[in-house]
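In what follows, a structure is listed as structure tokens, so that the remarks can point back to it.
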Amino acid sequence: MILRARLAIALIAGLVTVPAMALRVHRAPTSGNHSRSKHHAAPTSHKMHGQQTIDSDRVTAIQQALIREHYLSGAPSAKWDADTQAAMLKFQADQGWQTKITPDSRALIKLGLGPDHSGAINASSSTNFNTLTSPASLPSTSTQGFVAASGVSH
């Protein structure tokens, strides 16, 4: 009986240690990074995207607006110089806007230099939504058609 108990304990201890030892086995990575070749990709140069400089005509317009708003003094130079950047930064800060990117689109709009919407479809429209015709001013046949289409009976 004691022999059986010792044998059972040894068997249980052996079963517990086998899985623990199996955890130490090295497994291959599953992330797809299987190759360890010494070939390295050729370094690529970083290509800048987007607008890198401000057109001199645009700089002149910004400077004129900043002069008009008393953030810049003198005559426009058409160069995005340190004085112009400082004036735009101050203007944006005074408005409570971010000051890391200048010029900010909100600042340009506030200075009157935003996008031109004069060619937009509804820019020249004289429609006033407050003066649209009311249902009472419609012909009775139109009103009857609306009632019939709505499915509501009176």
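Annotations for the structure displayed:
- Residue, farthest from the chain's Cα centre (by Cα), within region 54-101, restricted to residues that are part of a loop (DSSP other than H, G, I, E, B) and surrounded by 18 or more Cβ atoms within 10 Å (Cβ to Cβ): Leu72
- Verdict on Ile62 being of a type in the set (A, V, I, L, M) and at pLDDT below 90: no
- When region 102-120 is filtered for residues that are among the hydrophobic types (A, V, I, L, M, F, W, C) and either farther than 22 Å from Asp55 by Cβ or in a loop (DSSP other than H, G, I, E, B) (or both), the ones remaining, listed by number, are Leu111, Leu113, Ala120.
The values are calculated or read from the model by the stated rules, or taken from the named source; none is laboratory data. Here the structure is a predicted model, which means the values were calculated and not measured. Here Cβ is always computed from backbone atoms with ideal geometry, including for glycine, and neighbour counts include all displayed protein chains.
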